[in-house]
Amino acid sequence: MRSGNKAAALLTLVFDALKGYLPVLAVKLWGGPYGLAEGTMALVGIAAFLGHLWPVFFKFEGGKGVATAAGVIFGLNPLLGAATLATWIAVAAVTRYSSLAAI
């Protein structure tokens, strides 16, 4: 949101979250017949998160990874993802600091 364009900020948030959510969901939906379970979902989620933090295509300089991590958490366990989101909203509402809520 630093650019002042709320639409661009929202799209960035959504696509960063999907970057973590979709790979985990893919393993959850289609990994069973190949013997891929929770451990593989966790490793795929970590890979998506680390790939966001240090992307090869941008000389290993990436983002903060908060939205991607949230997407991974939602993919692993939607209830845990909702609880994490609720905690973020509560901390952000009280303190008015998104970075503090992300911790």
Filtered hits (lysines, Cα-Cα < 16 Å from K19, offset >= 8 within chain) -> K28, K64
Name the residue from G75, F57, S98 whose Cα lies farthest towards the positive end of the charge dipole of the chain, charges +1 on Cβ of Lys and Arg and -1 on Cβ of Asp and Glu.
S98
So how do 50-60, 34-44 stack up, highest first, on mean other-Cβ count within 10 Å?
34-44, 50-60
Projecting the Cα atoms of A86, G32, A8 onto the charge dipole of the range 6-95, where Lys and Arg contribute +1 and Asp and Glu -1 at Cβ, the residue farthest towards the positive end is A8
Compute the helix-to-body angle for 38-53: its Cα long axis versus the longest principal axis of the chain, expressed 0 to 90° and rounded to tens.
40
Just from its helices, what would the mean residue ellipticity at 222 nm be for the chain, if runs of 4 or more DSSP H residues each count -39500 (n - 2.57) and the sum is divided by every residue, rounded to the nearest 500 deg cm²/dmol?
-24000 deg cm²/dmol
What is the magnitude of the charge dipole of the range 6-95 about its Cα centre, with +1 placed on the Cβ of each Lys and Arg, -1 on the Cβ of each Asp and Glu, and no other charges, expressed in debye to the nearest 20?
140
From largest to smallest, what semi-axes in whole angstrom does the chain give when each is the square root of 5 times an eigenvalue of its alpha carbon gyration tensor?
25, 18, 11
Rounded tilt (10° steps) of 78-95 against the dominant C-alpha axis of the chain
10
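Only the coordinates and a few stated rules stand behind these numbers; no lab work does. Note that this is a predicted model, so its numbers are computed, not measured. Cβ: placed from backbone, ideal geometry, glycine included. Neighbour counts: every protein chain shown.
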